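Notes follow once the structure below has been shown.
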Amino acid sequence: MKKVIILIGNYGSGKTEIALNMAVRAAAQGKRTQVIDLDRINDYFRMSDHVRLLEDRNINLVSPTFVGAGITQTNMPAAVGSAFAQDWDLVLFDVGGDPAGALSLARYHMDFAALEPGQLEVYDIVNIRRPMSETADRILKLKDEMEGFARQTVTGFINNSNLQTWASADDLRDGYPVVKAASERSGIPVVHTTGRKEYLDAFLADGTWEEKYLGRPLALEPYMRREWDNLGI
């Protein structure tokens, strides 16, 4: 059965990194995989910068900034329609972390509503190092706002707390109780704790967490690079 996963979250929370990792992992398992890029505001972490990575793994990308595929703002809705019309095993929606990004998702509300029960998941990516995500109160407030704009209900949290190139296991240690509190108050489960393998392994070795608020650990390959990182600046 086709699985559709929507990744939402604050700007800089790591949605695109997680989408890439999930897509690459699924394709390696032989799953027919598509990524829909609806993040139009992020100039430094663009899905379309990784076209070759996706192509090499036979992952289909729909992105308004990928001119090589002939995708433009005018025919973007028709291209997104392929997520529902074609026979994929996994479709990942990478949604911009602002009202405009969430609203771009809302136009497909009826398509999502037509999916079978169990086909759709909506994951809120939480990085407590980003503004508006530092506390459970702020996480839940932002979640409510995104749900309203996107016309979708969050089904799971992902703890992706990090400081990018300055990340460490301490980020996950600090993020764990905050995401746990948001989960306890909302009843929304934690589905994944993510991070680079070395940081994730160090955090898991502590044994101070509850599996209920850990979810399935997901080690991330650092595919995303800011333009100045690529230049060695």
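The values are calculated or read from the model by the stated rules, or taken from the named source; none is laboratory data. All values derive from a computational prediction rather than experimental measurement. Heads up, the Cβs are rebuilt from the backbone with ideal geometry, glycines too, and the neighbour counts pull from every protein chain shown. Keep in mind that these areas ignore ligands, DNA and RNA; they rest on the heavy atoms of the full protein, side chains included. Shrake-Rupley method; radii C 1.70, N 1.55, O 1.52, S 1.80 Å.
Output the residues belonging to the range 154-212 that are loosely packed, with under 15 Cβ neighbours inside 10 Å and either small (Gly, Ala, Ser) or assigned to a loop (DSSP other than H, G, I, E, B) (or both).
Leu163, Gly187, Pro189, Ala205, Gly207, Thr208, Glu210
What are the pairs with Cβ atoms under 8 angstrom where one residue, in the range 173-192, is within 17 Å of Arg216 (Cα to Cα) and charged (D, E, K, R) and the other, located anywhere, is open to solvent by less than 60 Å² (accessible area, probe 1.4 Å) and in a helix (DSSP H, G or I)? Sequence gap at least six, or different chains.
Pairs that qualify, where the first residue is within 17 Å of Arg216 (Cα to Cα) and charged (D, E, K, R) and the partner is open to solvent by less than 60 Å² (accessible area, probe 1.4 Å) and in a helix (DSSP H, G or I), are Arg173/Phe203; Lys180/Tyr213.
For (1) open to solvent by 60 Å² or more (accessible area, probe 1.4 Å); (2) in contact with a Lys or Arg (Cβ under 9 Å, 6 or more places away or on another chain); (3) not β-branched (Val, Ile, Thr), each residue gets a yes or a no:
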{"site": "Asp98", "(1), (2), (3)": "no, no, yes"}
{"site": "Leu105", "(1), (2), (3)": "no, yes, yes"}
{"site": "Ala114", "(1), (2), (3)": "yes, no, yes"}
{"site": "Pro117", "(1), (2), (3)": "yes, no, yes"}
{"site": "Ile125", "(1), (2), (3)": "no, yes, no"}
{"site": "Arg138", "(1), (2), (3)": "yes, no, yes"}
{"site": "Lys141", "(1), (2), (3)": "yes, no, yes"}
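Restricting the range 47-90 to residues that are of a type in the set (Gly, Ala, Ser) and at pLDDT 90 or above, which is least open to solvent (accessible area, probe 1.4 Å)? It would help to see each step written out before you state the result.
Initially, the range 47-90 is screened for residues of a type in the set (Gly, Ala, Ser), giving 48, 63, 68-70, 78-79, 81-83, 85.
Now restrict to residues that are at pLDDT 90 or above: 81-83, 85.
On the way: Gly81: 27, Ser82: 19, Ala83: 2, Ala85: 87 Å².
Residue satisfying both the conditions and the ranking: Ala83.
If the requirement is being closer than 24 Å to Tyr213 by Cβ and touching a His at 6+ places or on another chain (Cβ under 6 Å), which of these qualifies: Ile188, Ile125, Ile158, Ile139?
Values: Ile188 fails: touching a His at 6+ places or on another chain (Cβ under 6 Å); Ile125 fails: touching a His at 6+ places or on another chain (Cβ under 6 Å); Ile139 fails: touching a His at 6+ places or on another chain (Cβ under 6 Å).
Just one listed residue meets the conditions, Ile158.
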